[in-house]
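All remarks here apply to the structure that follows.
The values are calculated or read from the model by the stated rules, or taken from the named source; none is laboratory data. What you see is a predicted model; the values in this text were computed from it and never measured. Note that each Cβ is placed from the backbone with ideal geometry, even for glycine, and that neighbours are counted across all protein chains shown. Accessible surface areas use protein heavy atoms only, side chains included; no ligands, DNA or RNA. Shrake-Rupley method; radii C 1.70, N 1.55, O 1.52, S 1.80 Å.
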Amino acid sequence: MLFNSIDFLIFFPIVTLVYFVIPHRIRYIWLLVASYYFYMCWNPKYALLMATSTLITWASGLLIGASSSKKTKKLWVALSFISNLGILFFFKYFDFAVENINRVLQTAGFTLLNPKFDVILPVGISFYTFQALSYTMDAYRGDVEIEKNPLRYALFVSFFPQLVAGPIERSTNLLSQLYEKHTFQLDQVRSGLALMLWGYFQKLVIADRVAILVNTVYNDWSHQTGVTLAVATLFFAIQIYCDFGSYSNIAVGAAQVMGFRLMDNFNTPYFADSVADFWRRWHISLSTWFRDYLYFPLGGSRCSRWKRYRNVMIVFLASGLWHGANWTYVLWGFFNGIFQVLGMMLKPVRDWGVRVLKIDRTTFSHKLLKVIVTFFLINFTWIFFRADSLEAAFAIVDRIFFHFYPWMLFDGTLYQLGLSAAEFHVAVLSILVLFVAGIFKYKGICIREELMKQGTWLRWLIYILGVLAVLNLGVYGPGFDASQFIYFQF
Amino acid sequence: MGKIKKWILAAAFLVILGTVILVNNRILEQKYSKDVMAGFYDLPEDSLDVVFAGSSHMLNGVLPLNLWKDFGIRAYNIGQHGQRLNMTYYYIKEAIEKQAPQAVVVDLYYAMEAQTNNDIANLHKSIDNLALGKNKLAAIKNAVPSEYWWEVFYNAYLYHSRWDELEEEDFTYLTKDPLSVTGGTEMRWGNVEFEQPHVIESGTTAVLEEDTIYWLNQIIELGKDTDTTIIFTVLPYIASDEAQAKYNEAGRLIEQAGGNFVNFMYLVDEIGLECSTDMYDSEHLNPYGAKKVTEYLGWYLSSVQGFPDQRENHDVDREYWDRLLLLFERKYKAGEISNMYAVDDFLSAIQDENYIVAIAIWPDQSLPGENILNSFRQMGINIDGLAQRSNQYAALIDMGEGVLVDQTENSSMLRVTKEAGGVSWQLTSQAGQTSIMVDLQEKAVNKSSMNIVVYDKILGDVIDSVSISDLQEMTRE
């Protein structure tokens, strides 16, 4: 069930209403049923996979809790990780692995393997697998109490607002909230709905509109020039941020309506002043997952310089692979890692330059320059993320840098890329709104809280304008292929 | 803030939001043939003798107000584009519930095929204008494929993206319902010439689709249940032999069930229909054709079905229907004029006491032809001023009152403003531009020639705007 579907607009109020009406002791069961229904709307069979992951990690928690020796605990952790990652590998990476093994075999003249596993990737498998594994690890570390109730634990893994595209919640945050008694609070509901509205604006008005141009250009990249490809890449940066950010906002908002507090997944990532900073602001739940469960166990930064570089590269290659079984994602992860490693390696040089040129690092201009350079680097990596193949990605880079005809920015070409002039202007205008909202957030101002302090008429006006903007400017309806949220595929 | 106050505010907000969304959707919705059903709902209760229902063939094919004029029958046309019998059934039901007419005349054009309509554009055209209620819900359930239910029920789902094509009428309809001055009928002026249709033997039939038979029977039963006379008809068009055979079969079934059937395919000669002049296209009649069909139907209703002349009935609001007739006749004439392309015919037709005519001439053109000058002279214009072609020239003539403005000026620009016919006029003549603004809205075609705008005082609307070139070619926008 998509957040931007009529089904969800019916499903969510019913689930919420019933949640507050029924007794507290059975609410988690109601949410569990609702969550499995939500998930099974895609494919009922895949609910079995989620249930399997749930069972394994729940049992691992019990076994870890019952074990006294560290060695035994480690064994249960290993078994939980191996079985869960095994399932993930089988469904997500098996074909990719076979394809690559075949390439190697082909060059060596051996017979090719042919066990093609032709199934659709279960929606959200990477998300709930990581969320479930976080419980195993937290249980091992003693950060969370062992959950004995399998149904309550199953709800932690399947909680519908964040089930298929995050935020990837930690047991330390969400599991304990499943015991809380939530009451219907108008302010909380209002705030949650406002966040959902902002999410719908990001998705329907911005992401799905700019996606039209991005798809037009990237699906026909071989007939495009540097200008259109650059604009499409820029738009893709906006699209993926709004698409993914909107899902997180709707998820956090929906959970908030029911009284749950989910983690913030994005913190103005395009205002980051370095690639490392970008990853502290982008997909925070995944970044921190990798940090806590991969980077730190590898030694993190408390090791030699070269090991540190190695750790960064491992984390980002894994992150790339997590996003999809394709070399384009691996290379995307590689670039994100290497930019950070180069940043660390060149730090003495940068410091020297700053000292010699007497640059004041505290000035706005210096910071702005860093933000712009970071944005440029991230945009560069998005080319690999969006392109269908490595060949396409490199060709697109080549065209952007060596076949850039600036007059095409002004001769009306941009209005021939799937968006009419009016649609293009709406896209630009809505991106400006996004930018302004970003500035507020960057400055630490919560617009929703500020709005709550305003007079009734202004609040209502803004809410109504928001609803109208989504209803009228949103890209949906007949003729529109209700595009799924991009991150569902990961 | 008290808890109760918070809840009251929340409820108030939802009411306001709902209202804003309703208004918003009303602005954005497509206004296709909106006046047809809006006019129907606007009629006084139980004020109709006859309702016409069906597809665009019906919507274009009869002139209900001519029935009042010639036979004293009060009628209204609720035909809709692309409407199949399964949808027509619910329109008839709605009409019977709202107006309880003695008879419903049902167009059978779509009897030639199955009634399943998968064309979503057609579905919108045929159901959007039905008011939300049990009939609309039933129509959606039974005549719309389930995958389109949401879209048809909440049509803003489709129309929300019309924000970049909004026009004046989208906002006008917000404050007032569009009034149909044609008794619902959509008059399509224009003409494509055809040979007379080939008509097959009346005994030749072809099997109808199952659902067609089902809905035919449903309509017949509806008529019986509500004591309403149902008269099925096929209006004349260039029909294929196969379609005609199906209409014959439909007629056979209807008559077998004791119903009424008037097949105009066999009445083409009797009503004097000329396919060279009376067809808008191969499918639809233009108003000249509709007029002939209506004359026959009037005779049929009064002589065969025994409908009384309501003009003699003192309980009938004769003034109301006479007023509608007057508006219809004005509209009919406006349509005729807007379909004229001969300068002499046009200039002669606009000499009507209910018209205000505005003329603004783009200077530096050659002298208007003698025929044009003669027409202008008949309107009361001093044509001497027109002889100086380097001058600016503007005129405003109230045909009932005489010339209001007739001004020539030897300067770079001539601009005159005047109130007339209840609206303000601003006429501008200068090199490179002519402008005729009515209530500050530009109405002139603004070509390098003679620009004329015609305003009907009874309709309260501009009915035509043309430019006439030096070569006496007429152009409209």
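Might you check whether a residue that is surrounded by fewer than 18 Cβ atoms within 10 Å (Cβ to Cβ) and away from chain A (no Cβ under 13 Å) occurs anywhere in the stretch B:148-162? Checking the stretch B:148-162: not a single residue is surrounded by fewer than 18 Cβ atoms within 10 Å (Cβ to Cβ) and away from chain A (no Cβ under 13 Å).
On inspection, A:Gly61 qualifies as open to solvent by less than 60 Å² (accessible area, probe 1.4 Å) and in contact (Cβ under 8 Å) with a residue 24 or more places away in the chain.
One residue stands out in the stretch B:163-201 among those that are in contact with a strand residue (DSSP E or B) (Cβ under 7 Å, 6 or more places away or on another chain) and within 29 Å of B:Val23 (Cα to Cα): the one that is farthest from the other protein chains (Cβ to nearest Cβ), namely B:Gly183. May I ask you to list the residues in the stretch A:163-213 that are over 17 Å from the mean Cα position of the chain (by Cα), open to solvent by 20 Å² or more (accessible area, probe 1.4 Å) and of a type in the set (Lys, Arg)? Correct list: A:Lys181, A:Arg190.
Just name the residue that is farthest from B:Tyr237 (Cα to Cα) out of those in the stretch B:1-56 that are among the hydroxyl-bearing types (Ser, Thr, Tyr), away from chain A (no Cβ under 14 Å) and open to solvent by 40 Å² or more (accessible area, probe 1.4 Å).
Initially, the stretch B:1-56 is screened for residues among the hydroxyl-bearing types (Ser, Thr, Tyr), giving B:19, B:32-33, B:41, B:47, B:55-56.
From what is left, the residues that are away from chain A (no Cβ under 14 Å) are B:32-33, B:41, B:47, B:55-56.
Now restrict to residues that are open to solvent by 40 Å² or more (accessible area, probe 1.4 Å): B:32, B:41.
Numbers: B:Tyr32: 23, B:Tyr41: 30 Å.
Among them, the one singled out is B:Tyr41.
If I filter the stretch A:144-202 down to residues being among the β-branched types (Val, Ile, Thr) and touching an Asp or Glu at 6+ places or on another chain (Cβ under 8 Å), which single residue comes out as nearest to A:Ile22 (Cα to Cα)? Write out each step before concluding.
Quick first cut of the stretch A:144-202, residues among the β-branched types (Val, Ile, Thr) only: A:144, A:146, A:157, A:164, A:168, A:172, A:183, A:189.
Applying the additional criterion that residues be touching an Asp or Glu at 6+ places or on another chain (Cβ under 8 Å) yields A:144, A:172.
Numbers: A:Val144: 28, A:Thr172: 26 Å.
Checked the stretch A:144-202; the qualifying residue nearest to A:Ile22 (Cα to Cα) is A:Thr172.
Taken over the stretch A:242-266, residues that are charged (D, E, K, R) and in a helix (DSSP H, G or I) amount to 1. Would a scan of the stretch A:455-462 turn up a residue that is among the β-branched types (Val, Ile, Thr), at negative phi and within 14 Å of chain B (Cβ to nearest Cβ)? So far as the stretch A:455-462 goes, yes, one or more of its residues are among the β-branched types (Val, Ile, Thr), at negative phi and within 14 Å of chain B (Cβ to nearest Cβ).
Selection of first residues in the stretch A:237-255 that are farther than 8 Å from A:Leu195 by Cα and open to solvent by less than 10 Å² (accessible area, probe 1.4 Å) and of second residues that are of a type in the set (D, E, K, R) and not in a helix (DSSP H, G or I), restricted to Cβ pairs under 8 Å at least 6 apart or on distinct chains, gives the following pairs, ordered by first then second residue: A:Ser248/A:Asp264; A:Ala255/A:Arg261. Restricted to the stretch A:155-170, and to residues there that are in a helix (DSSP H, G or I) and within 14 Å of A:Thr129 (Cβ to Cβ), the residue that is modelled with the lowest pLDDT is A:Gln162. The numbered conditions (1) open to solvent by less than 40 Å² (accessible area, probe 1.4 Å); (2) over 17 Å from B:Ala114 (Cβ atoms); (3) β-branched (Val, Ile, Thr) are all true for B:Thr229 except (1). Of all residues in the stretch A:337-356, those satisfying the criterion of being in contact with a Lys or Arg (Cβ under 9 Å, 6 or more places away or on another chain) and hydrophobic (A, V, I, L, M, F, W, C) are A:Val341, A:Met344, A:Met345, A:Val354. Looking across the stretch A:318-331, the residues that are part of a helix (DSSP H, G or I) and under 16 Å from the mean Cα position of the chain (by Cα) come down to A:Ala318, A:Ser319, A:Gly320, A:Leu321, A:Trp322, A:His323, A:Tyr329. So for the stretch A:87-95 (the condition being over 23 Å from the mean Cα position of the chain (by Cα), farther than 30 Å from A:Gly253 by Cβ and either loosely packed, with under 15 Cβ neighbours inside 10 Å or small (Gly, Ala, Ser) (or both)), does at least one residue qualify? Scanning the stretch A:87-95, I find no residue that is over 23 Å from the mean Cα position of the chain (by Cα), farther than 30 Å from A:Gly253 by Cβ and either loosely packed, with under 15 Cβ neighbours inside 10 Å or small (Gly, Ala, Ser) (or both), so the answer is no. Taken over the stretch A:1-57, residues that are more than 14 Å from chain B (Cβ to nearest Cβ), of a type in the set (Gly, Ala, Ser) and farther than 30 Å from A:Leu79 by Cβ amount to 1.
If I ask for residues that are open to solvent by 30 Å² or more (accessible area, probe 1.4 Å) and in a helix (DSSP H, G or I), which ones from the stretch A:285-312 would you list?
The first filter runs over the stretch A:285-312 and keeps only residues open to solvent by 30 Å² or more (accessible area, probe 1.4 Å), leaving A:291, A:294-298, A:301-308, A:310.
Matches in the stretch A:285-312: A:Arg291, A:Leu294, A:Tyr295, A:Phe296, A:Pro297, A:Leu298, A:Arg305, A:Trp306, A:Lys307, A:Arg308, A:Arg310.
Of all the criteria given as (1) among the small types (Gly, Ala, Ser); (2) open to solvent by 20 Å² or more (accessible area, probe 1.4 Å); (3) touching a residue at least 60 places away in the same chain (Cβ under 8 Å), the one not satisfied by B:Gly298 is (2).
Only one residue in A:Thr233, A:Thr216, A:Thr183, A:Thr228 is farther than 30 Å from A:Lys367 by Cα and assigned to a helix (DSSP H, G or I), so which one is that?
A:Thr216
On the given criteria, is B:Leu59 under 25 Å from the mean Cα position of the chain (by Cα) and either among the polar types (S, T, N, Q) or outside any helix (DSSP H, G or I) (or both)? Against the criterion (under 25 Å from the mean Cα position of the chain (by Cα) and either among the polar types (S, T, N, Q) or outside any helix (DSSP H, G or I) (or both)), B:Leu59 does not qualify.
Residues are listed down the side, and each one gets a yes or a no for (1) over 24 Å from the mean Cα position of the chain (by Cα); (2) open to solvent by 20 Å² or more (accessible area, probe 1.4 Å); (3) over 27 Å from B:Ile230 (Cβ atoms):
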{"residue": "B:Thr277", "(1), (2), (3)": "no, yes, yes"}
{"residue": "B:Ser282", "(1), (2), (3)": "no, yes, yes"}
{"residue": "B:Ala290", "(1), (2), (3)": "no, no, no"}
{"residue": "B:Phe307", "(1), (2), (3)": "yes, no, no"}
{"residue": "B:Leu327", "(1), (2), (3)": "no, no, yes"}
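Find the residue count for the stretch B:72-95, including only residues that are in contact (Cβ under 8 Å) with a residue 60 or more places away in the chain, in contact with a Ser or Thr (Cβ under 7 Å, 6 or more places away or on another chain) and assigned to a helix (DSSP H, G or I). Total satisfying the criteria: 1.
Please verify whether B:Ala250 is open to solvent by less than 30 Å² (accessible area, probe 1.4 Å) and over 28 Å from the mean Cα position of the chain (by Cα), treating the condition exactly as stated.
Working: open to solvent by less than 30 Å² (accessible area, probe 1.4 Å): yes; over 28 Å from the mean Cα position of the chain (by Cα): yes.
Answer is yes for this residue.
Anything in the stretch B:96-144 that is small (Gly, Ala, Ser), part of a helix (DSSP H, G or I), modelled with pLDDT of 90 or more and within 25 Å of B:Asp177 (Cα to Cα)? List them, or say none. Scanning the stretch B:96-144 gives B:Ala138, B:Ala139. For the subset of the stretch B:126-139 comprising residues that are among the hydrophobic types (A, V, I, L, M, F, W, C) and open to solvent by 10 Å² or more (accessible area, probe 1.4 Å), which member is nearest to the chain's Cα centre (by Cα)? Restricting to residues being among the hydrophobic types (A, V, I, L, M, F, W, C) and open to solvent by 10 Å² or more (accessible area, probe 1.4 Å), the top hit is B:Ala131.
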